Amino acid sequence: MARRKVTKARKALLIELESMIGNECYNANIQNWGPGGVFEGEGREFRYPITFRDEEGRKVKKRSIDGDMSGDTVLGGYYAFGANELHIMNGLNRVLDYLEREYQLKI
């Protein structure tokens, strides 16, 4: 199936949804030390970086997505887990396709 052009509204929704997911990371092994070396407990939430490829094909990690990126660039965003990649933006786009088709979602 040919990929259709990503509308401005769809791109904005994809960026918002990815931000929700990317901000849900937690590492229980991080130790938190406060002022004066006071231990404040274990575990910390963090924003997982999303990786894109620039025009030259180089990997670029970001902690937020620039709304000025092209739709195709946005759809190429992925989370890198060592040698593995989770193509989060393409996955979210497929979820939106499903919701539009099965539940008549209007974006």
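Read-outs: derived from the displayed coordinates by stated rules, not from any lab. Computed from a predicted structure; not experimentally measured. All Cβ positions, glycine included, derive from the backbone under ideal geometry; neighbour counts span all protein chains shown.
Per the helix-only calculation at 222 nm, which mean residue ellipticity applies to the chain, given -39500 (n - 2.57) for every DSSP H run of n ≥ 4 and division by its residues, nearest 500 deg cm²/dmol?
Details: 3 runs with 36 residues, N = 107.
The helix-only estimate for the chain comes to -10500 deg cm²/dmol at 222 nm.
In a Gaussian network model over the chain where Cα atoms closer than 10 Å are linked, find which of GLY77, GLY41, GLY67 has the largest mean-square fluctuation.
Fluctuation is largest for GLY41.
Give me the tail of P(r) for the range 17-96 as a percent: Cα-Cα pairs with distance above 15 Å. Write down the numbers at each step before the final one.
On the way: 2009 of 3160 pairs.
Counting pairs separated by more than 15 Å, the tail of P(r) holds 64 percent.
By count of other Cβ within 10 Å, fewest leading, how are MET20, MET89, MET69 ordered? Walk me through the numbers before you get to the answer.
On the way: MET20 9, MET89 25, MET69 16.
Going from least to most buried by this count: MET20, MET69, MET89.
How far, in degrees from 0 to 90, does helix 8-22 lean away from the longest principal axis of the Cα atoms of the chain, to the nearest 10?
30
Rounded to the nearest 20 Debye, what is the dipole magnitude of the range 1-106 about its Cα centre when Lys and Arg each give +1 and Asp and Glu each give -1 at the C-beta? Walk me through the numbers before you get to the answer.
Values: 17 positive and 16 negative charges, 88 e Å.
Here the size comes out at about 420 debye.
Quick one: ILE88, ILE107, fewest Cβ neighbours within 10 Å first, how do they rank?
Working: ILE88 19, ILE107 12.
Ordered from fewest to most neighbouring Cβ atoms within 10 Å, ILE88, ILE107 come out as ILE107, ILE88.
Within the chain, what's the longest run with no GluC sites (Glu not before Pro) in a DSSP loop and at most 12 other beta-carbon atoms within 10 Å? Give the range, please.
Values: sites that count: GLU24, GLU55, GLU56.
After excluding every exposed loop site, the longest remaining stretch is 57-107.
With angles folded into 0 to 90 degrees, how steeply does helix 88-103 sit against the dominant principal axis of the chain? Use alpha carbons for both and round to 10.
50
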